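**Q** Before I ask anything, let me first share the structure, which is written out below as structure tokens.
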Amino acid sequence: MYTRFFKPFFDISVASVALVLLFPVFSIVTICLWFLNDKAPFFTQKRPGKNEKIFSILKFKTMDNKTDASGKLLPDAERLTFIGKIIRKTSLDELPQLINIIKGDMSFIGPRPLLIRYLPYYTEAERVRHAIKPGITGLAQVSGRNMLNWDDRLKKDIEYHDTMSFMLDVSIFFKTIKNVLTSKDIAVDPNAVIKDLDEIRSKP
């Protein structure tokens with residue numbers, strides 16, 4: 001009952017109210033990034049959602065488009081802007097995903113939507129993370145976020161799928177707020193902490 005009816009209603013209702021209340025912050029960040037990122041304040045990327053259906057995730061853009069001599073994008077750490085670091089540290093880069101929730105692509109709480117290229121590298125047990133909508137935050141994020149290795153992070157996604165409930169979502173929601181306010185377990189450059197899943201699991 002909760003997952004089929006109350007959770008989707010809660011997601012869309014709260015996301016709509018939050019977007020209205022946070023509109024001043026949303027507007028200020030958008031305007032700043034409009035000028036700093038050559039009129040491109042948003043970053044979109046295709047991600048797999050529920051049942052591996054592909055959707056476009058929306059974030060504030062925190063990196064520039066600088067390239068090397070051959071035209072290839074520089075590493076993420078070298079393209080991360082000063083204001084981008086601040087936006088990531090405060091988790092404001094995730095704010096546009098309220099729109100993803102209203103559209104029905106995401107939930108407040110759920111496994112984080114990862115890269116499409118990771119799909120072949122999940123175990124059968126780990127694939128249950130795609131049986132539910134991805135979230136802005138989730139059990140893995142409040143259990144260590146970028147500080148967890150991939151095996152432990154994906155185990156938390158399985159655990160969330162298997163034990164999902166209203167009280168668990170409430171607990172994750174308030175732990176997320178606490179972590180954001182204290183900047184706990186937030187890696188401004190995640191690649192500096194852990195390698196990509198496909199890079200790790202493609203090795204013999």
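**Q** Is it the case, given these coordinates, that residue 104 is out of contact with any helix residue (DSSP H, G or I) (no Cβ under 8 Å at 6 or more places or on another chain) and small (Gly, Ala, Ser)? Explain how you work it out, then say what you get.
**A** On the way: out of contact with any helix residue (DSSP H, G or I) (no Cβ under 8 Å at 6 or more places or on another chain): no; small (Gly, Ala, Ser): yes.
In short, no.
**Q** Let me ask something else. With the condition kept exactly as written, say whether any residue in the stretch 105-114 is of a type in the set (Phe, Trp, Tyr) and more than 17 Å from the chain's Cα centre (by Cα).
**A** To start, the set of residues in the stretch 105-114 that are of a type in the set (Phe, Trp, Tyr) comprises 108.
Next, only the ones that are more than 17 Å from the chain's Cα centre (by Cα) stay: none.
The answer is no, given that none of the residues of the stretch 105-114 is of a type in the set (Phe, Trp, Tyr) and more than 17 Å from the chain's Cα centre (by Cα).
**Q** Filter the stretch 145-165 down to the residues that are under 14 Å from the mean Cα position of the chain (by Cα) and touching a residue at least 40 places away in the same chain (Cβ under 8 Å), then identify the one that is farthest from residue 92 (Cα to Cα).
**A** It comes out as 157.
**Q** Scan the stretch 73-82 and tell me whether some residue there is in contact with a Leu (Cβ under 9 Å, 6 or more places away or on another chain) and either within 29 Å of residue 128 (Cβ to Cβ) or polar (S, T, N, Q) (or both).
**A** yes
**Q** Evaluate the following for residue 7: is it among the basic types (Lys, Arg), within 19 Å of residue 173 (Cβ to Cβ) and surrounded by 18 or more Cβ atoms within 10 Å (Cβ to Cβ)? Don't jump to the end; show me each part of the working.
**A** Values: among the basic types (Lys, Arg): yes; within 19 Å of residue 173 (Cβ to Cβ): yes; surrounded by 18 or more Cβ atoms within 10 Å (Cβ to Cβ): yes.
Taking the combined requirement at face value, the residue satisfies it.
The numbers here are math on the coordinates, done by the rules we state, and not lab data. The model shown is predicted, which means the values in this text are computed figures rather than measured ones. All Cβ positions, even for glycine, are placed from backbone atoms using ideal geometry, and neighbour counts span all protein chains on display.
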